[in-house]
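Here is the structure we will look at, set down as structure tokens.
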Amino acid sequence: MKKVKVRFAPSPTGPLHLGGVRTALYNYLFAKRYQGDFILRIEDTDQERFVPGAEGYILKALQWCGIEPDEGPSYGGNYGPYRQSERKEIYKSHIEQLLKTGHAYHAFDTPEVLETLREAAHLQGQVFTYNARIREQLDNALNLHSEEVAERLARGLPHVIRFKTPISQPLKLHDEIRGQISVDTRTLDDKILVKSDGMPTYHLANVIDDHLMRISHVIRGEEWLPAMPIHLLLYRAFGWETPQFAHLPLILKPEGKGKLSKRDGDRLDFPVLPLRWKDPHSGAISQGYRDAGYFSEAFINMIALLGWNPGGEQELFSLESLIKKFSLEKVNKSGAHFSKEKAQWFNQQYLQQKPLEELTSLFSQELKKHKIYAENHYVQRVVEAIRDRAHFIHEIWDQSIYFFIPPDSYEEKAVKKAWRPDTASYLDQLKDLLQATENFTANHLRENIQVFVKARQLSFGRLMQPLRLALVGALYGADVFFIMEMLGRQESTQRLTRLCKVLSTSKH
Ligand code: GLU
């Protein structure tokens, strides 16, 4: 097998979406699986759609995902420059070659004339296509004397350069995922290769670069499948060997048909970007997976399985194991539905797998955000008690606030459920018991309180609910006795006093 070399070739027209990350990931996995190279190429020939900050975003996003290129802008390599805007001279010499060999021609049709033709075709229920059938009636070098063309070019008359599509030729395309595809060149148009501003179009630059950068496999989104015939024809026109192609299925909306979009993310409250992005024009901010609390390993694992499956039950794969297992044969032909719940599930799995020390350190950082500075041992015990319930580090905080801050209010519904007219008196007696419990541990507290409840012929719940309400402010949380042990005698007692004070003076 030829040395594997693949590329991820985004246009810097905005941030990288889930689909883009997946394309980059599959390229990376494929490259590493076969000890090949993974290139990043920035396709920035469309100056009108250029968005400042997009390239930097792409680099940072790949870094966060742990799928860094072997070659690319700011990575270097022997096949640069890796930004198409810096390769104009290369494209120029190559287009000369196509003009000389008769595979491309200058076209002088003005936008107005083309628009009129489009409208006229539309009126007849047809679509105007600049193709082999019609090109001989239009204003291009195929119908002009070479002196006339030279004279127009010397005058600087606006023009584009088009590909001269073979008139009628069957084309057999092979896609690694979709198999054999047949196309007749009759159905194709004469694609513009060089625009009137002198810049190459995507098709021209993409093919030249893939060849010069020695790309062995072109792995990209399904939306580029219609470009495959013109790419193949360009390789032939240059006399180059074609790389292998693989077009990846779409990532679909969580339900129903259609491609996953930013709007789905807004509607169902999940990010579609890896990192946070601030739109330089509107200033609008879109949240990213990193900021939503996802671990990059979980994110990558989730993305990897959106369209690829090695078979079997296993769902958790580290980047290393993905590299070992990845193959294009196991990429699905049909699109994969995104699921927010599944994404959260992956994060939960990775959270549960992390060693306690690591989680404690991550949670301490979360605590700092809330201006809480607690002893490491204490934090560790909280994490240990709460981790099972959390998908995210910030959920540990949501579930454990009461270990750090006394409740400042009591949940209405919980009060209704837990508070009776005689509750205050029991809690008062309970305070005495807390004072009297010598060894203030969960076990001792449990034993003593059980005796206390029995002696008064109370139901356990009757006492536990208000106790929990006092400590937590609601009826959720860790084991009540554990909470008391953690808070200590003084803090626990104070919380009981406070609840009695607040509820005895309110209308309850
Ligand atoms: N620049 C194209 C894009 O933005 C690349 C397509 C390809 O990989 O050939 O998706």
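Only the coordinates and a few stated rules stand behind these numbers; no lab work does. Since we're looking at a predicted model, the values are computed, not measured. Every residue, glycine among them, receives a Cβ derived from its backbone with ideal geometry; neighbour counts consider all protein chains shown.
In table form, for the structure just shown:
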read-out: Cβ-based exposure ranking for 209, 266, in which fewest neighbours within 10 Å come first; value: 266, 209
read-out: Where GluC sites (Glu not before Pro) fall in DSSP loop in region 405-508, at most 14 other Cβ within 10 Å; value: 438
read-out: Net lengthening on full extension, residue 324/residue 377 (0.36 nm per residue, minus Cα-Cα); value: 15.2 nm
read-out: Inter-label distance, nm, simple model (7 Å from Cα along the C-beta direction), residue 452/residue 352; value: 3.5
read-out: For region 1-44: rounded, prolate or oblate by the Cα gyration tensor [a/c cutoff 1.5]; value: oblate
read-out: Computed lengthening from residue 236 to residue 157, 0.36 nm per intervening residue step minus Cα-Cα distance; value: 25.4 nm
read-out: Spin-label zone in region 1-44 - amide nitrogen under 17 Å from a point set 7 Å from the Cα of residue 291 along the C-beta vector; value: 14-18
read-out: Principal axis box of the chain, alpha-carbon based, largest edge first, Å; value: 111, 51, 36
read-out: Approximate spin-label separation residue 441-residue 89, in nm, with each point projected 7 Å along Cα-to-Cβ; value: 7.8
read-out: All-pairs alpha carbon distance profile, region 360-508, 10 Å steps from 0, percent; value: 11, 40, 34, 14, 1
read-out: Relative intensity, log₁₀ I(q)/I(0), of region 421-508 from a Debye sum that treats every alpha carbon as a point, q = 0.22, 0.26 Å⁻¹; value: -1.12, -1.59
read-out: Residues 299, 392, sorted so that the one with the fewest Cβ neighbours within 10 Å comes first; value: 392, 299
read-out: Helical mean residue ellipticity (222 nm; -39500 (n - 2.57) per DSSP H run of 4+; nearest 500) of the chain; value: -14000 deg cm²/dmol
read-out: Three-way shape label, region 241-356, alpha-carbon gyration tensor, a/c 1.5; value: oblate
read-out: Calculated P(r) of region 4-91 - Cα pairs past 15 Å, %; value: 56
read-out: Reachable lysines, given that their alpha-carbon falls under 25 Å from the alpha-carbon of residue 32 and they are not under 8 places away in the same chain; value: 2, 3, 5, 60, 324, 325, 330, 333
read-out: Neighbour net charge for residue 464 - beta-carbon separation under 12 angstrom, K R +1, D E -1; value: +3
read-out: Potential lengthening between residue 394 and residue 195 on full extension [0.36 nm per residue; Cα-Cα distance subtracted]; value: 66.6 nm
read-out: Residues 433, 204, 496 arranged by fewest to most Cβ contacts within 10 Å; value: 433, 496, 204
read-out: Among beta bridges that DSSP assigns inside the chain, antiparallel share in %, nearest 5; value: 55
